[in-house]
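To start, the structure itself, in structure tokens.
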Amino acid sequence: MAAALMANVLYSTGFVLEKRALAGLPPLSSGQPARVVRLLVSSPLWLGGSLALALGFVAQLAVYRTLPIAAAQGLFVSGLVLLLLLSSLVLGEQPSGRERYGVVVITVALLMVVASLHDSNEPISRRASLGMLLALSLPSLVAGILLYRTAERQAGRQHRLPSSGVAYGVATGLIYGVSSLAIKGVSGLLSTSDVAAAALKLATSPYPYLLLFAGAAGLVLSQTALQRCRASLIVPVATTVNCVFTVASGSVAFNEPLPHDPLRLVLRLGGTSLAVSVLLMLPRHDRPQEAQLQKSQRA
């Protein structure tokens, strides 16, 4: 749990630093991935945010080695509270009343998931079936990319209310959900007792390659979306979708059963369901003043 909270701090800090850096960069386009990467690596502030995210990734590996995937994702959702606080203090983004209410719901969801872990001895799987992993991952990657492209086309239409970024967040959440499955697989193959054998197992497994593809796609799409929309909305939506996808798909792919104890089961499923419900209360369009603020930041 300590590693999960550390990952949350690092991820929230990283996203806020990247958002701050993106405000000073030219407009990004997901259709020009090479240009996006070139512009990003030219910003020292963005690189600082990426370093924080990389350290969060290391902490995430530790979490997946010690907790079931469903419990781990429930803890990662708690980072949304810190993200909303930082985006308000550092970026000046003011969440709506529904978004503030969502923070309360997420906090309750976190407490429920933590309570479900008390004195728990649930099995932790290290590997997934290759066929099941690909059957879950490939359609999700395609769906995420198609949804993102659809959101871009709709955002380009004239006389349309400015999008708050919910569709962008759902799309990137699906892609990062696939990367979470890959991270879970990588964590199960890591070992300090026989580094050479662990490296060989890792190289001959699908996890690092799936992680590289999903990570690269998620990088380009998430940074483009983050530049256009509020971090206080993009990141919570993406994190929640990532959580739901990883819990549902990861529990199946890695064959990690849910708690058998009725109380633990209710707490685990109830906490995850509460986190998902936050999506339903988020606004689909920004208020006019928020849209104008986003335009001025990009200018």
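In the range 61-73, the condition of being in contact with a helix residue (DSSP H, G or I) (Cβ under 6 Å, 6 or more places away or on another chain), among the aromatic types (Phe, Trp, Tyr) and either surrounded by 19 or more Cβ atoms within 10 Å (Cβ to Cβ) or under 21 Å from Val220 (Cα atoms) (or both) is met by at least one residue. Any residue at all in the range 221-239 that's farther than 30 Å from Leu40 by Cα and without any contact (Cβ under 8 Å) to a residue 60 or more places away in the chain? The answer is no, given that none of the residues of the range 221-239 is farther than 30 Å from Leu40 by Cα and without any contact (Cβ under 8 Å) to a residue 60 or more places away in the chain.
Test Leu25 against the criterion of being closer than 16 Å to Val220 by Cα, surrounded by 15 or more Cβ atoms within 10 Å (Cβ to Cβ) and over 17 Å from the mean Cα position of the chain (by Cα), and give yes or no. Taking the combined requirement at face value, the residue satisfies it. Note on the range 6-41: residues that are assigned to a loop (DSSP other than H, G, I, E, B) and either modelled with pLDDT under 85 or more than 26 Å from Ser88 (Cα to Cα) (or both) total 4. Between residues in the range 175-189 that are over 16 Å from Leu134 (Cβ atoms) and residues that are basic (Lys, Arg) and surrounded by fewer than 23 Cβ atoms within 10 Å (Cβ to Cβ), which pairs lie under 6 Å by C-beta distance while being six or more apart or on different chains? What qualifies is Ser187/Arg65; Gly188/Arg126; Gly188/Arg127; Leu189/Lys201.
Looking across the range 257-290 at every residue that is closer than 17 Å to Ser232 by Cβ and buried (at least 17 other Cβ atoms within 10 Å of the Cβ), the one that is modelled with the lowest pLDDT is identified as Glu290.
Counting only residues that are outside any helix (DSSP H, G or I) and not small (Gly, Ala, Ser), which one in the range 188-220 is farthest from the chain's Cα centre (by Cα)? Working first, answer last.
Pass one, the range 188-220, residues outside any helix (DSSP H, G or I): 190-194, 204-206.
Narrowing further to those that are not small (Gly, Ala, Ser): 190, 192, 194, 204, 206.
Values: Leu190: 22, Thr192: 28, Asp194: 31, Thr204: 26, Pro206: 21 Å.
Filtering first and then ranking leaves Asp194.
Taking the criterion of being touching a residue at least 60 places away in the same chain (Cβ under 8 Å), more than 21 Å from Gly185 (Cβ to Cβ) and β-branched (Val, Ile, Thr), the only residue of the range 240-271 that qualifies is Thr240. Among residues of the range 1-22 being in contact (Cβ under 8 Å) with a residue 12 or more places away in the chain and more than 18 Å from the chain's Cα centre (by Cα), the one that is surrounded by the fewest Cβ atoms within 10 Å (Cβ to Cβ) is Arg20.
Here is a yes/no grid of residues against (1) modelled with pLDDT under 80; (2) within 17 Å of the chain's Cα centre (by Cα); (3) small (Gly, Ala, Ser); (4) outside any helix (DSSP H, G or I):
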{"residue": "Phe57", "(1), (2), (3), (4)": "no, yes, no, no"}
{"residue": "Gln60", "(1), (2), (3), (4)": "no, yes, no, no"}
{"residue": "Ala70", "(1), (2), (3), (4)": "yes, yes, yes, no"}
{"residue": "Gln94", "(1), (2), (3), (4)": "yes, no, no, yes"}
{"residue": "Glu99", "(1), (2), (3), (4)": "yes, no, no, no"}
{"residue": "Asn121", "(1), (2), (3), (4)": "yes, no, no, yes"}
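Examine the range 152-175 for a residue that is modelled with pLDDT under 80, over 27 Å from Pro68 (Cβ atoms) and among the basic types (Lys, Arg), and state whether such a residue exists. There is at least one residue in the range 152-175 that is modelled with pLDDT under 80, over 27 Å from Pro68 (Cβ atoms) and among the basic types (Lys, Arg).
Restrict the check to the range 223-231 and report whether at least one residue is closer than 25 Å to Ser88 by Cβ, part of a helix (DSSP H, G or I), at pLDDT below 80 and within 18 Å of the chain's Cα centre (by Cα). Outline the logic, then answer.
Of all residues in the range 223-231, those closer than 25 Å to Ser88 by Cβ come to 223-231.
Checking the rest, the ones that are also part of a helix (DSSP H, G or I) come to 223-228, 231.
Applying the additional criterion that residues be at pLDDT below 80 yields 231.
If we keep only those that are within 18 Å of the chain's Cα centre (by Cα) as well, we get 231.
Yes, the conditions are met somewhere in the range 223-231.
The values are calculated or read from the model by the stated rules, or taken from the named source; none is laboratory data. In this text the structure is predicted, and so the values were computed from the model without any measurement. All Cβ positions, even for glycine, are placed from backbone atoms using ideal geometry, and neighbour counts span all protein chains on display.
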